[in-house]
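These notes are about the structure you will find just below.
Values quoted throughout were computed directly from the atomic coordinates according to the rules given, and no laboratory measurement underlies them. As the structure is a computational prediction, the values presented were derived from the model and not from experiment. Quick reminder, even Gly has a Cβ in these numbers, built from the backbone with ideal geometry, and neighbours come from all protein chains shown.
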């Protein structure tokens, strides 16, 4: 089952169970997916590849994390807790993350593949690693590991 089909099914289940918070989070995700379809010029959400859906989910998680920080600074702990719940829900749709060892091995392989010797070739290494990671890690973690190994 594709991720978009799973999300649609979960929306229906949340409606039936009258889970308002879950339903709201899933509807926001669905809206973000519709914008991704428009940006990509695809016919429908079913035309989006799972990697595209994962990227949309990661973007939505990042937005929620930023909102948590803002709400925490503003003293709105209830809203921050709601956003954290949404983050947990969204993360359930992501594939298992790479461990630190797996990421380090992936970066080593990419460095060998590209022949990188210093920070000047960092972009090429990042491109290879992000393609091989296929949405199983975020760019910050890859960036930190590449910097560490190229230093």
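The residues listed here are 130, 126; of these, the one that is more than 28 Å from residue 31 (Cβ to Cβ) and part of a helix (DSSP H, G or I) is 126. On the basis of being free of Cβ contacts under 8 Å to residues at least 60 places away in the same chain and farther than 20 Å from residue 4 by Cα, does residue 74 make the cut? Spelling it out, residue 74 is indeed free of Cβ contacts under 8 Å to residues at least 60 places away in the same chain and farther than 20 Å from residue 4 by Cα. Just so you know, in the stretch 21-51 the residues that are within 11 Å of residue 2 (Cβ to Cβ) and surrounded by 14 or more Cβ atoms within 10 Å (Cβ to Cβ) include one that is farthest from the chain's Cα centre (by Cα), and it is 45.
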